[in-house]
Amino acid sequence: MLKPEIEDGQASLADPQFRADVLAGLARRPRAIPARWFYDHRGSELFEDITDLPEYYPTRTEVALLESLCPELHQLTGEGRAVVEFGSGSSTKTPTLLKCVKPSAYVPIDISGDFLRESSRTLSAAFPDLLVLPFEADFTRTLTLPHTIKDAPKLGFFPGSTIGNLIPLAAVDLLRAMRGSLGEGAMLLIGMDRIKDEAVLVPAYDDSQGVTAAFNLNLLERINRELAGTIPVDAFRHRAIWNDDRARIEMHLEATRNVSFTVEGRAFDVEAGETIHTENSHKYGPRDARILLRSGGWTPIREWTDDEGKFAVILAEA
Ligand code: AVI
């Protein structure tokens, strides 16, 4: 299908929603662009690199937790559930879970079809007897899951503390949508990052190798590539700030000098010191996490954390 034309008559290959979010986000005060737009091909690669950084504890802590909780999880969920993974991405944590719960089917849901098909192929090769049903969809809405798994009890899987990238109100809406998609008798296994010392949190989002900075700045490069932007990327620097009042790490791009640029022909002036807010990563204390889940229609039944209480994996039932 042909993409819409832009004003000067050149065909724009950009996602119309990306264009709308960027133009509106740069025009508003404070300036802000939704974090979902980080994940173009380069951004997804950089995120994979982040998960290996010494300062970025969430991924390795969660993977170790998933391995250790396996026998107990197997007991609590029983075998034969259909595992539904929300925002499966590269499905790196999935094999650990699949080996443990021995599901009747696996339904990875992701908005990016290419990623989804590639990771489904890899998983099918590793689990040849497993029915893998990739589902390209926006999981923030209540979905009708494939008919084949209609009668199977479901286990939703939402690792990585991705729930933290939503403001609490949107997180509750998402949990409710998941409950609606999974139906009666469902369970949900969800990863949530805990509130901890700022001295641990900030370096996790502002690492010494500058990978997170590159991930954040790639958003500007993406705007230049896909929306005919003229943003001088070198005039911006990555900032990671702990907002204690809102219990979240915020990522921003701060202008280091006054800059003027255009995006799809529209002019913007950003003053030195002004920022573009690009991401929130909310952290939840044990009680906060339970309140959030209950508000979203889920009853927490078991919670696992590492020895230092850095990260939690919670099992809840509908
Ligand atoms: C995907 N999400 C859970 C990551 C986080 O920790 O909030 C995204 C991220 N941003 C910077 N580093 C990692």
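When the trypsin sites (Lys or Arg not before Pro) in region 209-318 are filtered for DSSP coil states and for at most 13 other beta-carbon atoms within 10 Å of their beta-carbon, the remaining sites are R246, R257. Among the GluC sites (Glu not before Pro) within region 232-318, those in coil by DSSP and having at most 14 neighbouring Cβ atoms inside 10 Å are E271, E308. Determine the sum of side-chain charges near R248: Lys and Arg each +1, Asp and Glu each -1, restricted to other residues whose C-beta is under 11 angstrom from that of R248. Result for the neighbourhood of R248: -3. The residues neighbouring D151, those whose beta-carbon lies less than 14 Å from its own, together hold a net charge of +2 under the Lys/Arg +1, Asp/Glu -1 convention. To the nearest ten degrees, helix 211-226 and the longest principal axis of the Cα atoms of the chain are 60 degrees apart. Estimated purely from DSSP H runs of n ≥ 4, each contributing -39500 (n - 2.57), the mean residue ellipticity at 222 nm for the chain is -11000 deg cm²/dmol once divided by its residues.
Kindly work out what percent of the DSSP beta bridges joining two residues of the chain are antiparallel, to the nearest 5.
65 percent
Taking only the alpha-carbon positions of the chain and ignoring solvent, what does the Debye formula give for the base-10 log of I(q)/I(0) at q = 0.06 Å⁻¹? For the requested q values the scattering log ratios are -0.22.
Shape class for region 137-234, computed from the alpha carbon gyration tensor (a ≥ b ≥ c): oblate, with a/c not under 1.5 and a/b at or below b/c. Taken about its Cα centre, the chain carries a charge dipole of roughly 840 debye when the Cβ of each Lys and Arg holds +1 and the Cβ of each Asp and Glu holds -1. The residues of region 223-318 have, on average, 45 Å² of accessible surface per residue, using a 1.4 Å probe with all protein chains present. In region 185-299 the Cα-Cα distances spread across 5 Å bins starting at 0 as 2, 10, 17, 17, 14, 12, 10, 8, 6, 2, 0, 0 percent of all pairs.
Ordering H282, T256, W37 by the projection of their Cα atoms onto the charge dipole of the chain, which places +1 on the Cβ of Lys and Arg and -1 on the Cβ of Asp and Glu, puts H282 at the extreme positive end. Seen against the Cα atoms of the chain and their longest principal axis, helix 168-182 is set at about 40 degrees. Pairs with C-alpha atoms separated by more than 21 Å, drawn from the list K283/K310; K93/K150; K102/K154, are K93/K150. Between 0 and 90 degrees, the angle of helix 41-50 with respect to the longest Cα principal axis of the chain falls at about 60 degrees. Compactness of region 1-155 is given as radius of gyration and Dmax, 19.0, 62 Å, from Cα positions.
Each part reduced to its alpha carbon centroid, region 125-142 and region 259-302 end up 27 Å apart.
The values are calculated or read from the model by the stated rules, or taken from the named source; none is laboratory data. As the structure is a computational prediction, the values presented were derived from the model and not from experiment. Methodologically, a virtual Cβ is constructed for each residue, glycine included, from the backbone with ideal geometry; neighbour enumeration extends over all protein chains shown. Accessible surface areas use protein heavy atoms only, side chains included; no ligands, DNA or RNA. Shrake-Rupley method; radii C 1.70, N 1.55, O 1.52, S 1.80 Å.
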